[in-house]
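Working notes, beginning with the structure itself.
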Amino acid sequence: MKSDEHESIVLPKMLTSLLDQHSDAYFIKGLDSRFIYANLSAVKKMGLQSLNDLLYKNENDLSSRLTENKDIIKEWQWQDRQVASSRKKLDTLEVNPEAVNSPYMVRKFPFYNENNKCQGVVIYYKALEDFSYTQLLGGNSTGSFLLTKPDDFFTEKECEVIYLSLQGQTPKSIASRLVCSVRDVECSFQEIYNKACVKHYDDFYEFCYRRGYHRYLPRCFISSRFIMF
């Protein structure tokens, strides 16, 4: 059943007619993360039979292999809230070999009504069908990876050190990957910890988790040929 909130959202006919014909998957979600529009490509992407299996539901309500991982659903819904509140687009790399045959990229951006009030999020999926999982992240990681930095708290160079650290790499292996000295890495860690006002790794991980940095993937770690958005 449609909620009053969703009934008040008017989708321009010109927009839906255009997206209906698109071969890539498009969704529109309300501020409660429930789907209020999807084209047929999107329904197919989710592995569902019809629009009725998707509309006015959120990911927790769906019987789809893409939504079996509840932690990833939490990530997606957190992303929806970030886009709606910041009014900025957000790009992600989705790596889920158990559910789909190839990795795919997602762009999310805010959806406005005629009064310039944000009413939801438009979501665009683009499959990377020419690439294997082993070509991305070494084939060892899965999940939803942010390609848009959560905020400007850390610099991009600091984010590179943070990402490798959160992947469990040692200062020596981080230095090798970033082509710098171990001393440089240790100094970076000290500056990063000082910024976050933490002294221990567990506290630092919690800090990164709250702000979304545990899922931020600096683009230097994937080839530019993958980033065609």
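The values are calculated or read from the model by the stated rules, or taken from the named source; none is laboratory data. In this text, all values refer to a predicted model and were calculated from it rather than measured experimentally. When we count neighbours, we look across all protein chains shown, and the Cβ atoms used for this are built from the backbone with ideal geometry, even at glycine.
So is ASP32 surrounded by fewer than 18 Cβ atoms within 10 Å (Cβ to Cβ) and touching a His at 6+ places or on another chain (Cβ under 9 Å) or not? Break it down into steps so the answer makes sense when it comes.
Values: surrounded by fewer than 18 Cβ atoms within 10 Å (Cβ to Cβ): yes; touching a His at 6+ places or on another chain (Cβ under 9 Å): yes.
For ASP32, the condition - surrounded by fewer than 18 Cβ atoms within 10 Å (Cβ to Cβ) and touching a His at 6+ places or on another chain (Cβ under 9 Å) - is met.
In a residue-by-residue description of segment 181-190, the property of being over 16 Å from TYR163 (Cβ atoms), among the small types (Gly, Ala, Ser) and either more than 27 Å from the chain's Cα centre (by Cα) or surrounded by 14 or more Cβ atoms within 10 Å (Cβ to Cβ) (or both) applies to at least one position. Evaluation of TYR37 against the conditions (1) of a type outside the set (Gly, Ala, Ser); (2) at pLDDT 95 or above; (3) assigned to a loop (DSSP other than H, G, I, E, B) shows that the sole unmet condition is (3).
Count, please, the residues in segment 191-206 that happen to be over 24 Å from the mean Cα position of the chain (by Cα) and either closer than 16 Å to GLU156 by Cα or surrounded by 12 or more Cβ atoms within 10 Å (Cβ to Cβ) (or both).
Step one: list which residues in segment 191-206 are over 24 Å from the mean Cα position of the chain (by Cα), which gives 191, 193-195, 197-201.
Retained after the next criterion (residues that are either closer than 16 Å to GLU156 by Cα or surrounded by 12 or more Cβ atoms within 10 Å (Cβ to Cβ) (or both)): 191, 193, 195, 198, 201.
Number of matching residues: 5.
Cβ-Cβ contacts under 8 Å between residues 6 or more apart (or on different chains), taken from a first residue in segment 50-70 that is in the same structural domain as VAL95 (by TED's automatic domain parsing) and outside any loop (DSSP other than H, G, I, E, B) to a second residue that is of a type in the set (Phe, Trp, Tyr) and surrounded by 15 or more Cβ atoms within 10 Å (Cβ to Cβ), are listed as GLU59/TRP76. Name the single residue that is farthest from the chain's Cα centre (by Cα) among those in segment 14-32 being assigned to a loop (DSSP other than H, G, I, E, B) and not hydrophobic (A, V, I, L, M, F, W, C). Of everything passing the filter in segment 14-32, GLN21 is farthest from the chain's Cα centre (by Cα). Among the residues in segment 126-139, are any in contact with a strand residue (DSSP E or B) (Cβ under 9 Å, 6 or more places away or on another chain) and modelled with pLDDT of 90 or more? No, the conditions are met nowhere in segment 126-139.
Table: residues versus (1) over 18 Å from PRO150 (Cα atoms); (2) among the β-branched types (Val, Ile, Thr); (3) surrounded by 15 or more Cβ atoms within 10 Å (Cβ to Cβ).
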residue: SER50; (1), (2), (3): yes, no, no
residue: GLU59; (1), (2), (3): yes, no, yes
residue: LEU66; (1), (2), (3): yes, no, yes
residue: LYS70; (1), (2), (3): yes, no, no
residue: GLN77; (1), (2), (3): no, no, yes
residue: ALA84; (1), (2), (3): no, no, yes
residue: LEU90; (1), (2), (3): no, no, yes
residue: GLU94; (1), (2), (3): no, no, yes
residue: VAL100; (1), (2), (3): yes, yes, yes
